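The values are calculated or read from the model by the stated rules, or taken from the named source; none is laboratory data. The structure displayed is predicted, hence computed values, not measured ones. Please note: Cβ atoms are built from the backbone with ideal geometry, for glycine as well, and neighbour counts cover all protein chains shown. Protein only, heavy atoms only, side chains kept; ligands, DNA and RNA dropped before computing areas. Shrake-Rupley method; radii C 1.70, N 1.55, O 1.52, S 1.80 Å.
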Amino acid sequence: MLKINNLSAAVDDGQKTILEGLSLDIPAGEVHAIMGPNGAGKSTLSYVLTGRDGYDVTGGDVTLDGDNLLDMDPEERAAKGMFLSFQYPLEIPGVPTMTFLKTALNAQRRARGEEEMAAPEFLKKARALAKELKMKPEMLKRPLNVGFSGGEKKRMEIFQMMMLEPRFIVMDETDSGLDVDALRIVADGVNKLRSPDRGMLIITHYQRLLDYIVPDRVHVLSGGKIAASGDADFAKKLEAEGYDAYAA
Ligand SMILES: Nc1ncnc2c1ncn2[C@@H]1O[C@H](COP(=O)(O)OP(=O)(O)OP(=O)(O)O)[C@@H](O)[C@H]1O
Ligand SMILES: [Mg+2]
């Protein structure tokens, strides 16, 4: 489903190379985790995949369902179903959460040639989901993420994912700063979204998240590439032993 082949990327106007020959294949239906030391380039990878400005691809290619992702602008990637849950979710003052989501959802539907979702249907779906995620209804009326606590922001990321039903999900440390209950909510949300035709890449520092979301594969990003891979138990080994063995 997502195939990353020999990807290199640089920041700072191409001055600083972060990813160097990274290859990774995530088949549909699988959940892969990426771990690795601070500054290894995990967030950079998520930005390159979603097409954020300032992250220049200097080599390699990425395809999603066979289509060249790197040729698409960020909106096209979103319409194709690429979704990034941020390490630090953005605050958008002045834009109510529901307005933001409905606009995003219908823009993606239009781009795919589908009919827009009507307001009553959207509201019904959003309310039911907010209840399921134990979110206060007033959060949906507030401007997106503004003044939300860390845990509330993460819950909002899960809420957006479940509303948008993306094809491929990249989660960048959606677990950081969560209390145990919120961690469960994030994990349950992710597990509900597991499906034979959806792939997920979970970036995390904490093995404990992977107790709830058992990944099919675990990779170490170090030295700009995937330095080692293993099954779910590999995360436990990494937590116990650290990343020294995989240093660049
Ligand atoms: N716009 C930028 N300009 C200069 N350096 C940058 C820029 N963006 C990222 N970097 C650098 O690239 C490296 C990789 O950063 P990145 O955020 O991808 O790491 P990470 O693996 O996500 O780390 P963490 O585990 O701390 O979240 C870091 O050294 C960072 O300082
Ligand atoms: Mg990061």
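List of remarks:
- Sorted largest first, the principal axis extents computed over the alpha-carbon atoms of the stretch 1-52 equal 36, 21, 19 Å.
- When DSSP beta bridges are restricted to pairs lying wholly in the chain, around 55% turn out antiparallel.
- Taking every C-alpha pair closer than 8 Å and separated by at least 6 residues, the mean separation divided by the residue count of the stretch 7-95 gives a relative contact order of 29 percent.
- FRET efficiency for the pair residue 119 and residue 240, taken as 1/(1 + (r/R0)^6) with r the Cβ-Cβ distance and R0 = 45 Å, rounds to 0.30.
- Each residue of the stretch 2-15 was assigned a 3J(HN,Hα) from its phi angle through the Karplus curve 6.51 cos²θ - 1.76 cosθ + 1.60 (θ = phi - 60°); the sequence is 9, 10, 10, 10, 6, 6, 10, 8, 10, 10, 6, 6, x, 6 Hz, with glycine and proline shown as x.
- Note on residue 154: accessible area is roughly 10 Å² with a 1.4 Å probe, heavy atoms of protein only.
- Here the dipole of the chain is about 960 debye; that uses its Cα centre as origin and unit charges on the Cβ of Lys and Arg (positive) and Asp and Glu (negative).
- Site pair residue 216 and residue 52 shows an inter-label distance of 2.6 nm when each label is modelled 7 Å from Cα along Cα→Cβ.
- Peptide ranges 57-68, 73-84 listed from the most packed, as the mean C-beta count within 10 angstrom indicates: 73-84, 57-68
- Relative contact order of the stretch 114-192, defined on C-alpha pairs under 8 angstrom at six or more residues apart (%): 29 percent
- Accessible surface computed residue by residue for the chain, with neighbouring protein chains in place and a 1.4 Å probe, gives 47 Å² per residue.
- Computed extension length for residue 13-residue 141: 42.2 nm, one decimal, from 0.36 nm per residue of separation with the Cα-Cα distance subtracted.
- The stretch 18-83 and the stretch 100-130: distance between their alpha carbon centers, rounded to Å: 25 Å
- Candidate residues 172, 179: accessible-area rank, largest first, probe 1.4 Å: 179, 172
- Seen from all directions on average, the stretch 2-246 presents a Cα convex hull projection of 13.0 nm².
- Rounded, prolate or oblate (a/c below 1.5 giving rounded, otherwise prolate when a/b exceeds b/c) for the stretch 174-227 by Cα gyration tensor: oblate
- Length-normalised contact order of the chain in % [C-alpha pairs under 8 Å, at least 6 apart]: 27 percent
- Tensor-based shape of the stretch 89-199 (alpha-carbon gyration tensor, a/c under 1.5 rounded, otherwise prolate or oblate): oblate
- Accessible surface of the chain [probe 1.4 Å, protein heavy atoms]: carbon and sulfur percent: 49 percent
- For residue 224, the shell of other residues with beta-carbons less than 13 Å away shows a net charge of +2, using +1 for Lys and Arg and -1 for Asp and Glu.
- Amide H contacts of residue 218 (H built 1.01 Å from N, under 5 Å, at least 5 apart or other chain): 33, 230, 231
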